Amino acid sequence: MFKKIAESQKKHEEKHLEKEEKAAIDLEEKMDKAHRKYIEDLLMEGEEIKKIYGLVKDFACITNERLIFVDNKALNLTGKARRYIVFFYLKEIVEVAVDQGVIFGEVRVSTRKNDHELEIINKTAALRFAKEIMENMRNV
C-alpha cells in the first residue's frame, strides 16, 4: 500500500515538474524574441546569435564568438534608467559556475579580469545556460 502511495506521489511530482519546465521554456521563448531585436544591433560582422537567456530586463546572449551581458539598471539618483552592457570573447572565459536556488538560478562567468553574474528565470535554465556557454567555448 505504501509503495502505491509513493509511486502515485512520484508521478504527481514528475507531472508538476514537467509543467513547470514547459512554462519556463515558453517564457524563455517570449523573452528571446523581445531581446533578439536589441542584440542584433550589437553584433559584429559574421557574428551569429546562438542563444539568449535571462529575465525580463536583464539578459545574456551567447554568440559564436562572444558572451554579451545586458544589465538594465533601475532609475539612478538623477532619475535616469541605465543600461550596462558587458562584451567579452568566449576564449576569455576561465570559469563558469552555477548556483541553483529553490526557484531561481544564478550563473557566474569569470574571466581573468572580472566575474559577471546573471540571475536566470529558473534553476534548470541556469544549468542549460552554463552548459551552452561551455559547449560554445569548445568551438572557439
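A short reminder: the numbers here are calculations on the coordinates, not readings from a lab. Just so it is clear, the model here is predicted, and its values are computed rather than measured. Neighbour counts run over all protein chains shown; Cβ positions are idealised from the backbone, glycine included.
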request  = Just add up the charged neighbours of Glu47: K/R +1, D/E -1, any other residue whose Cβ is under 9 Å from the Cβ of Glu47.
outcome  = -2
task = Would you mind checking the pairs Lys33/Lys131; Lys91/Lys113; Lys50/Lys131 and listing those with alpha carbons more than 19 angstrom apart?
result = Lys33/Lys131
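Can you put Met134, Met44 in order, fewest other beta carbons within 10 Å first? Provide the component values of the computation, followed by the final result.
Numbers: Met134 12, Met44 9.
Fewest to most other Cβ atoms nearby, the residues stand as Met44, Met134.
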inquiry  = If packing is taken as the average count of other Cβ atoms within 10 Å, what order do 117-129, 81-93 fall into, highest mean first?
reply    = 117-129, 81-93
query = Using 0.36 nm per residue, how much length does the chain from Val140 to Leu127 gain when fully extended, once their Cα-Cα distance is taken away?
reply = 2.6 nm
query = Which peptide among 107-116, 61-70 comes first, and what is the full order, when sorted by highest mean count of other Cβ atoms within 10 Å?
reply = 61-70, 107-116
